[in-house]
1. Residue by residue through region A:50-61, which ³J(HN,Hα) values in whole Hz follow from phi under the Karplus form 6.51 cos²θ - 1.76 cosθ + 1.60 (θ = phi - 60°), with glycine and proline marked x?
2. If we sort B:75-86, A:122-133 on the protection proxy, mean other Cβ atoms within 10 Å, highest first, what's the order?
3. What lysines sit close enough to residue B:41 to cross-link, taking a C-alpha to C-alpha distance under 16 Å and skipping anything fewer than 8 places away on the same chain?
4. To the nearest 0.05, how large is the calculated FRET efficiency for residue B:137 and residue B:35 if R₀ is 22 Å and r is the Cβ-Cβ distance?
5. Using the basic label-point model (7 angstrom from Cα toward the beta carbon), what is the residue A:67 to residue A:52 distance in nanometres?
6. Averaged over peptide A:158-164, how many Cβ atoms belonging to another chain are found within 10 Å of each residue's Cβ?
7. FRET efficiency for residue B:153 and residue B:89, Cβ-Cβ distance as r, R0 = 22 Å, nearest 0.05?
8. If ligands, DNA and RNA are left out, what is the accessible area of residue A:213 with a 1.4 Å probe, given in Å² to the nearest 10?
Amino acid sequence: MTHNINNSSNSFSIDALVDDLQPVSPISLNRGFAIIAVMTLAALGTVYATIDFRGDVMAGAPAPMFFLRLGMLLLLGTATGIAALSMGRPAIATEKRQSGTIYWKWAVMAALLFPVSAFVTLLVDTELFMADFHTVSSVKCLVTSVTASLFIGGAMTLWMRRGAPTNLPLTGTLIGLSAGSFGAAAYSFHCPFNAVAYNGVWFPLAVGISTFIGWLIIPRLIRW
Amino acid sequence: MIADDATFRRLMRASQQGDKQCYSVLLAECDKWLRRYFAAKIAPAALEDLVQETLISVHRKRASYDPERAFLPWLAAIGRYRWIDQLRKAYRNNEAELDENLVADPQSEAVSAKISIESLLEKLPEKQAEVIRLVKIEGLSIAEASAMTAQSESLVKVNIHRGIKKLNTIVEE
């Protein structure tokens, strides 16, 4: 059976596509998650090897803020990571709603409690806020977190190039957000500061920079 | 008659494993389905190219189909992406030629693109359509669109957001 479709400008043949057919493995979300996990662990290993973990973590008795911060970053990274990787397997919006991949927004809203708390601290006690701000250390926080997120986001982008994302800006944004969260989570094992003023400003800023880079650059790399 | 989703799924699963006979049937069925899907959305002259481009995308991106899920939402998403991409390219690249083409050749691809976008925008409230035209198609900044339409910048953003959401719903119907 031959399928030829002709028009005035060119000739197109379904048979040519059939001839070109090779077996393919459907893209696997589990493989995508495994890539994120490996890259995050690699970032964590690099943090340990280069700038060491914070003292209370090494002593086996981390402060509550460490758990809150790490938990929130991992939750945010996972929720946005699931949504980002799911974008590689296209479906119309109804299908997406049914598969539950749109609920990452709730994780973002929960994470916003950190900067909101920092803002409240600023309003209530400006002096305390400024004392906990640590602007010199914050540069290390930003550079390390964003660098880690670039590697994680780069690996996610390579994975995504096999997929067929139909909303490129959102896909780029979600990859940036997820990579930024995991990158910051890796750095959080070193960061010694427990104050809300610090955690509510610099960590969200690092995640925000990664998200912006994702929104700006990744759509060009995954266009198909 | 066009195959149902279960048949599409079975054919695609076999195609992903390299079964050329199933793949040939699958592409022929996709061809029929896409013609019906696009028929109400674009001008007849643009249909052929769009169906072909979508079939090529189906071929290139076949690994992105999850065999555990329905096939037609996947095909519709691929088709919609190609359609919007074609409209955007045709509209932006040929904008300078559009006015002449409107008179000279009402069946050309660029004209079809413009007609398709305009017909979609006509379904939106005027304020939403106006700012989408200015910002998303003409490439103006939010501030420039705000100055031109006497809408505040935040209202421009809200109207673009609401308009695009409504367009998505229209496109999917």
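1. 9, 10, 6, 7, 5, x, 5, 5, 5, 7, x, 9
2. Put in order of decreasing packing, that is B:75-86, A:122-133.
3. B:32, B:114, B:123, B:166
4. 0.20
5. 2.5 nm
6. 3
7. It comes to 0.15.
8. Accessible surface of residue A:213 is approximately 50 Å².
The values are calculated or read from the model by the stated rules, or taken from the named source; none is laboratory data. Quantities reported herein were computed from a predicted structural model and do not represent experimental measurements. All Cβ positions, glycine included, derive from the backbone under ideal geometry; neighbour counts span all protein chains shown. We work out accessible area using only protein heavy atoms, side chains counted, and drop any ligands, DNA or RNA first. Shrake-Rupley method; radii C 1.70, N 1.55, O 1.52, S 1.80 Å.
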